[in-house]
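Notes for the one structure printed next.
Derivation of every value follows stated rules applied to the coordinates shown; laboratory data play no part. Small disclaimer: the values here were computed from a predicted structure and weren't measured. A quick note on method: Cβ atoms are made from the backbone with ideal geometry, for glycine too, and the neighbour counts reach across all protein chains shown.
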Amino acid sequence: SDNPRKGGETYAWLARTLDRRRYELTFVGRASVAVEAEHALPPLGSDELAEVLRRQDLYVTASLNDPCSNALLEALACGLPTLYARSGGHPELVGEAGLGFEHREELPGLLDRLVEELDERRAAIRVPSLADVAEHGGMVKFQHLERLFPNEPSAFNVLYLGSSTRPADSSDLIRLSGERGAAVVWNQDGVAYPGWHGPGWERTNEPLAEGLHAADHVFFQSDFCRLSSDRFLGPLRGAAEVLPNPVDTELFTPAERPERPLTLLLGGNQYQRYRLAAALETLRLLPDARLLVAGRLSWDPDPRAVRRELPSLLAGLEDRVELLGPYSQAEAPALYRRADVLLHTKYNDPCPTAVLEALACGLPVVHSASGGTPELVGDAGIGVEAPLDWERDHPPAAEALAAAVLACTERLDALAATARSRALRFDVGPWLERHRVVFEELIR
């Protein structure tokens, strides 16, 4: 694409610096700048593109903030290990089947390394099913919306965009909506702030600010989302409201608790090391408890580094920790029912759907009292005190988490009932109805 955020400058730089004695470059599509490739092809249809991909050995994607790249999925499906910009949904899609980069200057070295590890990386390719891609993470709400408001790419009168799933060409879509008189609705999750994102947070926020201020109506997922948006994206003057993420309370339901040791669940994906470390240190203080760890362990872009760190993290706990790996939305209810308490250690989490799903399954939540999590949990769990800080993250202390878990166990049945009751406030039905009302007002 000739959209600047699609990585044209990076591809052009790579083409200029590539060692042509070792590598040959094929470039497909348009770019914002000229890319000097041995094979420069126009945009291709799916069948033609598949043929081209099958003739390659590696794939490179430099697009920024792309939530779920179709081109990347197609390359993985054709068996291509990938060099990817560590942005958007790329790390989650590629996993151990490639290497990520922050700056283009890293590419030559990473390319040589990927060639050396080609067989290992190719064997690690895991292409998610369409259901997994559609149902995971921030895309869940879009699947709910699809029930009442079918997608009409060529005949839409409302453009609905989510900040955490924003397509790379959102600027073009917003412009097109204006030309055809369609309303723009923006669903605002969290923002990039220095303590979480590190350098470059301003650039990451630019397209979020653009979408937010172009919208005719904004849904903030929590009061915390609105607070952080006002600070980092600029105060909003248009129509807006707080509407937390929904949960399907008919799918996520409690089950009778069998006889078992106290079982804690660390949900989501473990892309921040401190989240797992805090949970494991908490477990050390609870000798009779077990811990289920869900999701991909991906806090380091090099999976070998993660594997090297795991033994020391798990030392002495191996018999009480179960690493479950990635899970689909369809598998999630059964996963929650295996646990008694959700341990949510993420600092400043804006509006975690995993917390809502756990509540709906009757799990009290022990959590960092930061971000939007306290707004969801209410009295259905216990929060560990945390400061509001944009400059650095504050992992919850293991001692405080362990004390909160023990306090929960003293009234586990009552808290389980409270959790289920609390989750009903966030049921998907009223959430969809509120969208219907807003959409009808906008297109009236």
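Extension gain for N157 to D57 (0.36 nm times residue separation, less C-alpha to C-alpha distance): 31.8 nm.
Please label the shape of the stretch 194-285 as rounded, prolate or oblate, based on the square roots a ≥ b ≥ c of the eigenvalues of the alpha-carbon gyration tensor (a/c under 1.5 means rounded; beyond that, a/b larger than b/c means prolate, else oblate). Verdict is oblate for the stretch 194-285.
Per the Debye formula on identical point scatterers at the alpha carbon atoms of the stretch 123-272, with no solvent, log10 I(q)/I(0) at q = 0.09, 0.12, 0.13, 0.20 Å⁻¹ is -0.38, -0.65, -0.74, -1.40.
Centre-to-centre, using Cα atoms only, the stretch 282-342 and the stretch 41-74 are separated by 33 Å.
Placing dummy labels 7 Å off each Cα toward the beta-carbon, the span from H103 to D300 is 2.1 nm.
With helices as the sole contributors, the chain gives -12000 deg cm²/dmol at 222 nm; each DSSP H run of n ≥ 4 counts as -39500 (n - 2.57), and the sum is divided by every residue. Each of K346, K141 was scored by other Cβ atoms within 10 Å of its Cβ. Arranged with the fewest first, they read K141, K346.
Just checking the listed ones, G79, G45, G238: in the Gaussian network model of the chain with Cα springs under 10 Å, the one fluctuating most is G45.
Direction-averaged projected area, Cα convex hull, the stretch 263-424: 9.1 nm², rounded to one decimal. Model label points for E241 and R308, set 7 angstrom from Cα along the Cα-to-Cβ axis, are 5.2 nm apart.
Evaluated at q = 0.13 Å⁻¹, the base-10 log of the normalised Debye intensity for the stretch 4-127, with identical point scatterers placed on the Cα atoms, takes the values -0.46.
Distance from the alpha carbon centroid of the stretch 359-376 to that of the stretch 152-174 works out to 31 angstrom.
For the stretch 428-443 versus the stretch 183-239, the inter-centroid distance based on Cα atoms is 21 Å.
Each peptide among 408-418, 392-402 gets the average number of other Cβ atoms lying within 10 Å of its residues, and from highest to lowest they stand as 392-402, 408-418. State the answer as a single residue: which of G371, L236, L159 lies farthest towards the positive end of the charge dipole of the chain, with beta carbon charges of +1 for Lys and Arg and -1 for Asp and Glu, about the Cα centre. Farthest towards the positive pole: G371.
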